[in-house]
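The values are calculated or read from the model by the stated rules, or taken from the named source; none is laboratory data. Quantities reported herein were computed from a predicted structural model and do not represent experimental measurements. Methodologically, a virtual Cβ is constructed for each residue, glycine included, from the backbone with ideal geometry; neighbour enumeration extends over all protein chains shown.
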Amino acid sequence: MFIVATLDDTVSIVPHLFNEQLSTIVAEELDRKLANTIFQELGLCICLYDILSMGDCILLPSDSNFHIKVKFRYVVFRPNIDEILVGKIRSSSKDGITVTLGFFDDILIPSTKLQHPSRFIEAEQTWAWQYETDDETHDLVMDIGEEIRFRVVQEIFEDTAPKEMPNNNTSITQTTNDDDKKVPYTIIGSISEPDACDVMGSRACGRKPEKEDRETDPIKYCIASRVYFECVHKKYRGCENKEKYETAMESIMKGIRKRVDDLL
């Protein structure tokens, strides 16, 4: 579901943080800058994995900040094509179903990639799979908030960078069009599989997702670990015992790295 990407960047450190642990400040600045950011052809940045190397601190003329070049690894959400994911139905329309993973909402299952035959119920604004048995046809309604398994079949990256300003001689007209509503990263899913139990949620096959799927979800664990790290960091940040602080931080990060390595 996610990868660890090697990146490099220049981090700027403000003067009032000069007396703090350098690696901790750099990690915080990288997360503040990159977390929840989408890079073209890479994916959605989640949180820092580790720092590989840091260069010398450089002080530029007329600038009181330190600038340091950093090489690091970052956890990025980018599922593989044909990977099976479990999400929840966020909304439905005639165009299809939108699914959320909790931290990522731009997932679309088009109407052409739903189970066949399916019909859209206008009154309830939901889709229903018309499941056929020997005797009759049953409507298996895909309700909002229901868990659903789907296969990743396509990913779409859109360049949403601001366009160049027009010439001074050109009049500016504010309009709303499709280009203004571009989503930087969209995942296209499918549930039109021969065996619905492999891809659809508990309503389709009468069973819930395996317990292990929830307990070993690497992306949720990584986010939770980062939050825990931040809480402990705030607790020990002002303490006078620097050795105790550094030991606690090192132990926490070592445990996080080991757990993520196991999940990868």
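Output the residues belonging to the range 109-127 that are of a type in the set (A, V, I, L, M) and crowded, with 20+ Cβ neighbours inside 10 Å.
Listed by number, the residues that qualify are Ile109, Leu114.
Consider the range 1-19. How many of its residues are in contact (Cβ under 8 Å) with a residue 60 or more places away in the chain and not in a strand (DSSP E or B)? It would help to see each step written out before you state the result.
Taking the range 1-19 as the starting set, the residues that turn out to be in contact (Cβ under 8 Å) with a residue 60 or more places away in the chain are 1-10.
Those left that are additionally not in a strand (DSSP E or B): 1.
The total comes to 1.
Thr112 passes all but one of (1) at pLDDT 95 or above; (2) assigned to a helix (DSSP H, G or I); which number fails?
If we test Thr112 against (1) at pLDDT 95 or above; (2) assigned to a helix (DSSP H, G or I), just (1) comes out false.
Would you mind telling me which numbered condition in (1) at pLDDT 90 or above; (2) in the same structural domain as Ala27 (by TED's automatic domain parsing); (3) exposed (fewer than 15 other Cβ atoms within 10 Å of the Cβ) Gly145 fails?
The number of the failed condition is (2).
Just need a number here: residues in the range 48-96 that are more than 26 Å from the chain's Cα centre (by Cα) and either in a strand (DSSP E or B) or surrounded by 14 or more Cβ atoms within 10 Å (Cβ to Cβ) (or both).
Of the residues in that region, 8 qualify.
Can you find even one residue in the range 31-39 that is outside the structural domain of Glu155 (by TED's automatic domain parsing) and in contact with a helix residue (DSSP H, G or I) (Cβ under 6 Å, 6 or more places away or on another chain)?
Restricting attention to the range 31-39, the residues satisfying the condition of being outside the structural domain of Glu155 (by TED's automatic domain parsing) are 31-39.
Imposing the further condition that a residue be in contact with a helix residue (DSSP H, G or I) (Cβ under 6 Å, 6 or more places away or on another chain) reduces the set to none.
No.
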